[in-house]
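The block underneath contains the structure these notes are about, expressed in structure tokens.
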Protein chains: 2
Amino acid sequence: MADARADRFKRLLDLMRENELTGILLKSPANLFYFTGYLGPGILIVPLDGVPFLFVHPMNYELAEQSVSNRVELSKLRSTSTIKDVIDELPESVKVKIGFDDLSAEEYLKIKDLIGGSILPASEYVWKLRMIKDAEEIERIKKSCEITSKCMELAAELLEEGVLESEVKAEVMEEMFKLGAERAAFEIIIASGPKSSLPHGGPGDRSMKKGDVVLVDLGVVYEGYCSDMTRTFYIGSQPEEEVSRIYEVVMDAKSLVQEELTIGLTAASLHEKAYKEISSKGYGDYFIHGLGHGLGIEIHEPPRLSPLGKEVIMEGMVFTIEPGIYLPRKFGIRIEDTVLVKRDGIEVLTSAPYELTLP
Amino acid sequence: MADARADRFKRLLDLMRENELTGILLKSPANLFYFTGYLGPGILIVPLDGVPFLFVHPMNYELAEQSVSNRVELSKLRSTSTIKDVIDELPESVKVKIGFDDLSAEEYLKIKDLIGGSILPASEYVWKLRMIKDAEEIERIKKSCEITSKCMELAAELLEEGVLESEVKAEVMEEMFKLGAERAAFEIIIASGPKSSLPHGGPGDRSMKKGDVVLVDLGVVYEGYCSDMTRTFYIGSQPEEEVSRIYEVVMDAKSLVQEELTIGLTAASLHEKAYKEISSKGYGDYFIHGLGHGLGIEIHEPPRLSPLGKEVIMEGMVFTIEPGIYLPRKFGIRIEDTVLVKRDGIEVLTSAPYELTLP
């Protein structure tokens, strides 16, 4: 990872030079992790010339010391230090045109007058790098997807009449840890019956009933990298016709996108393909979210496979493909895999059977 | 809760009037939940005159419909709508002087020129309300603390030589769900041996050894409300003298603050009391974080019991008291409870024995 990190800094500096930035201020813990190996709160300053500085509070100093490579100079803040103090310490040469990743509006308003030059959003440059995963990142994501896939198979075994959503959740969490995951990548969704019509499930616990549709959305973090997958099941052996029909429509939309996905298309056009397919079957109004999202250190990253996704699909991107159809107060069906873009198509990294009825 | 919510809007309007705001734009899901009962992404506009509007994307519309009271008008955005579209829809009268809670700097820069009048940070007004918990909130927090306390007792039973941190974590998660928690309030910390010297634990899993100090930090969410507590244990019957001594210092600092805590003090002064006590025993440099933090819908809320905490302690506040001493690469000891401020002192809401050695 050390070499990969040196390369990341180098490419960031290239982008800064191209865009005439004299410095960049990074605050997002995911960006700190990407460039330094330290995952926690702090402020990383990358000057166009000279060594990057990582400022952390005393509380996180020991962890930072253990995590960062010697390519970064570590600086301990006082407990009372704020972002203003960091800005005050920066040489004027860095503050001529400084980019930032994710300041809050309040922070921005507090510091903008302390910058002699200009200060402007620059997260797009970091995303340009982070969107394309390197070999080591891909290895971690693959392992993360493997764990999630095994957890999905366990979930499928556990679903049955009378079981509580929370019971499935607890057993799946246990399995995640056993398989070496650090944590769940997001709050696991086990949404049964009418709750499945809410894409993220609804509040409260519920006992599964015969005739329920159950939506299971899982992801883990392995060595800092996420995975994400969804399967939808039916409790019982004879799904109603509408459930089976919608399952097919979702599967077809997903297969179509996966077959037609090639480098050079826009993220929005992939969403559009799925939307057209689902609309042609009469369910366009019930496909109420984007087709997918990038993932890596974070569970939601660019590209956005949605009508707003301007990103161009490139080799090395990792994202989800997850069409879904949701009938309010009835049921919802979503099928999702994490995929890696290769030169000549995609590799699907998550794997579990696509079976509506339970094993 | 419906009456409580009506009252919250009323008090927000009072604060807006006092500060001459013509409208307020809320984006934090916790604020949306506080005012409307809906927990998810969206934009809530509270005009000084007229009915509040909640804008949500199609993906979350059904959940919003199920959650919000009829005191709020619900408006469905298009999938492609952004915050700009919401601003465009607002009447000019609302945009004369509009406050916001937590916009990102990028969002702020995108919309500020669309506002004819002025736009400024206003989260402090909402915090003024949220910092003081009402009866219903206190009930939920108490129940949340009860569940966390039971989980802590389970954790204490599970700790022993040879057990993995992740095994304890998995069993505690299972217990949380069993006891009715929606989810963990944060990533559970089970940090053993030298990892306990990192206040949030370190990466990776670890098997517990005789002579380990183990720091356990737990919290759950119950009906939308958080709890938080920490205990520190020793694996073995005869803790080294330094471990026992530091345990006493931490306990003494905590007891001192709890005894001297009265309405009218500042949050910073409470931190100062603990810091002085710990310093007088020679460990001031190893107390590397704030004494505590408010909690409620979110796990970290004002007041900040830190050198920066300007808030004045008032009846109805709920926060943690959690002094800690961390010896780098050796061990760390923290003891934490969630407390409620009452007219004449505090009520400690979390409960589990304060015993360094295991039962």
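I'd like the FRET efficiency for B:S255 and A:D134, computed as 1/(1 + (r/R0)^6) with the beta carbon distance as r and R0 of 51 Å, rounded to 0.05. In this case the efficiency is close to 0.45. Assuming charge only on the beta carbon of Lys and Arg (+1) and of Asp and Glu (-1), the dipole of chain A about its Cα centre is about 620 debye to the nearest 20. Relative to one another, the C-alpha centroids of the stretch B:1-74 and the stretch B:169-193 are positioned 31 Å apart. Taking amide H atoms as placed 1.01 Å from N in the peptide plane, the amide H of A:L265 lies under 5 Å from those of A:I313, each 5 or more residues away in sequence or on another chain. Relative contact order, percent, of the stretch A:135-348 when contacts are C-alpha pairs under 8 Å separated by at least 6 residues? Computed value for the stretch A:135-348: 21 percent relative contact order. Ligands, DNA and RNA are left out, and with a 1.4 angstrom probe the accessible area of the stretch B:49-121 is 49 Å² per residue.
The angle separating the long axis of helix B:58-67 from the principal Cα axis of greatest extent in chain B is about 80 degrees. Counting only alpha carbon atoms, the long axis of helix B:267-280 and the longest principal axis of chain B meet at about 20°.
Its Cα centre serving as origin, the stretch A:135-348 has a Cβ charge dipole (Lys and Arg +1, Asp and Glu -1) of approximately 520 debye. With both residues required to sit in chain B, DSSP beta bridges show an antiparallel share near 75%. The string of couplings for the stretch B:104-114 from the Karplus curve (6.51, -1.76, 1.60, θ = phi - 60°) is 7, 4, 4, 4, 4, 5, 6, 9, 4, 7, 8 Hz, one whole number per residue in order, with x for Gly and Pro. Around the Cα centre of the protein assembly as shown, unit charges on the Cβ atoms of Lys, Arg, Asp and Glu (plus for the first two, minus for the last two) sum to a dipole of about 1220 debye.
Mean-square fluctuations from a GNM of chain A, with a 10 angstrom spring cutoff on Cα atoms, peak among A:G162, A:G211, A:G180 at A:G162.
Counted residue by residue at 0.36 nm each, then reduced by the alpha carbon distance between them, the extension gain from B:E248 to B:S79 reaches 55.1 nm. With a/c under 1.5 counting as rounded, go ahead and sort the stretch B:135-348 into rounded, prolate or oblate using the C-alpha gyration tensor (a ≥ b ≥ c being the square roots of the eigenvalues; past the cut-off, prolate if a/b is larger than b/c, else oblate). It is oblate, given that a/c is not under 1.5 and a/b is not larger than b/c. Which residues does the label zone of B:E241 cover in the stretch B:283-303, counting backbone N under 19 Å from a point 7 Å along Cα→Cβ? Of the residues in the stretch B:283-303, B:283 have backbone N under 19 Å from the label point off B:E241.
Take the alpha carbon gyration tensor of the stretch A:2-130, find the square roots of its eigenvalues, order them as a ≥ b ≥ c, and report rounded if a/c is under 1.5; if not, report prolate when a/b exceeds b/c, else oblate. Verdict is oblate for the stretch A:2-130.
When a/c reaches 1.5 or more, the comparison of a/b and b/c decides; with that in mind, is the protein assembly as shown rounded, prolate or oblate per its Cα gyration tensor?
On the way: a/c = 1.28, a/b = 1.21, b/c = 1.06.
Since a/c stays below 1.5, the shape of the protein assembly as shown is classed as rounded.
Among A:W127, A:V94, A:L109, which residue has its Cα furthest toward the positive end of the charge dipole of the stretch A:63-131, with +1 on Lys/Arg Cβ and -1 on Asp/Glu Cβ? Final value for the positive-end residue is A:W127. Shape analysis of chain A yields a ratio of the Cα radius of gyration to the Kirkwood radius, Rg/Rh, of 1.03. When the surface is traced with a 1.4 Å probe over the full set of protein chains, A:D113 keeps roughly 120 Å² accessible. Net charge of the neighbourhood of A:D228, taken over other residues with C-beta under 10 Å away and scored Lys/Arg +1, Asp/Glu -1, is -4. Remark: the stretch B:195-293 carries 38 Å² of accessible area per residue (probe radius 1.4 Å; ligands, DNA and RNA excluded).
The GluC sites (Glu not before Pro) of the stretch A:1-86 that meet both conditions, a loop assignment by DSSP and at most 13 other Cβ atoms within 10 Å of the site Cβ, are A:E20.
Going down the list A:K178/B:K273; A:K281/B:K178; B:K95/B:K128; A:K254/B:K178; B:K128/B:K169, which pairs span over 31 Å between their C-alpha atoms?
A:K178/B:K273; A:K281/B:K178; A:K254/B:K178; B:K128/B:K169
Beta bridges per DSSP, both residues in the protein assembly as shown: antiparallel share near 75 percent. Here the relative contact order of the stretch B:2-130, from alpha carbon pairs under 8 Å that lie six or more residues apart, stands at 26 percent. For B:L74, the residues whose modelled amide H falls within less than 5 Å of its own, excluding neighbours fewer than 5 places apart on the same chain, are B:L54.
Per-residue SASA remark: B:H300, around 120 Å² accessible (1.4 Å probe; ligands, DNA and RNA not included). Considering only B:L215, B:A352, A:P199, the residue lying farthest towards the positive end of the dipole of the protein assembly as shown is A:P199, judged by Cα position with unit charges set on Cβ.
Summarising the strand pairing of the stretch A:23-115, around 50 percent of its internal DSSP beta bridges are antiparallel. Taking the stretch B:79-166, which GluC sites (Glu not before Pro) meet the DSSP loop condition and have no more than 16 other C-beta atoms within 10 Å? Counting only loop positions with at most 16 other Cβ atoms within 10 Å, the GluC sites (Glu not before Pro) in the stretch B:79-166 are B:E160, B:E161.
The local environment of A:I321, defined by Cβ-Cβ distances under 9 Å, has a net charge of -2 under the rule Lys, Arg +1 and Asp, Glu -1. Relative contact order for chain A: 14 percent, from Cα pairs under 8 Å spaced at least 6 residues apart, divided by residue count. Peptide B:62-69 has a mean shielding of 4, counted as Cβ atoms of other protein chains within 10 Å of each residue's Cβ.
A simple count of charges around B:K84, restricted to other residues whose Cβ falls under 14 Å of its Cβ and scoring Lys, Arg +1 and Asp, Glu -1, yields -1. Placing unit charges on each Cβ (+1 for Lys and Arg, -1 for Asp and Glu) gives the stretch A:261-345 a dipole about its Cα centre, and among A:V341, A:Y283, A:G296 the Cα reaching farthest toward its positive end belongs to A:Y283. What average count of beta carbons from other chains do you get within 10 Å of the Cβ of residues in B:111-124? Mean partner shielding for this stretch: 1. Using R₀ = 45 Å, calculate the FRET efficiency as 1/(1 + (r/R₀)^6) where r is the Cβ-Cβ separation of B:S279 and A:V312; round to 0.05. My answer for the efficiency is 0.20.
To the nearest 10, the accessible area of A:K110 is 120 Å² with a 1.4 Å probe.
The values are calculated or read from the model by the stated rules, or taken from the named source; none is laboratory data. Keep in mind that what you see is a predicted model, and the values were worked out from it rather than measured. In this analysis, Cβ positions are derived from the backbone assuming ideal geometry, glycine residues included, and neighbour counts consider all displayed protein chains. Heavy atoms of the whole protein, side chains included, go into the accessibility calculation; ligands, DNA and RNA do not. Shrake-Rupley method; radii C 1.70, N 1.55, O 1.52, S 1.80 Å.
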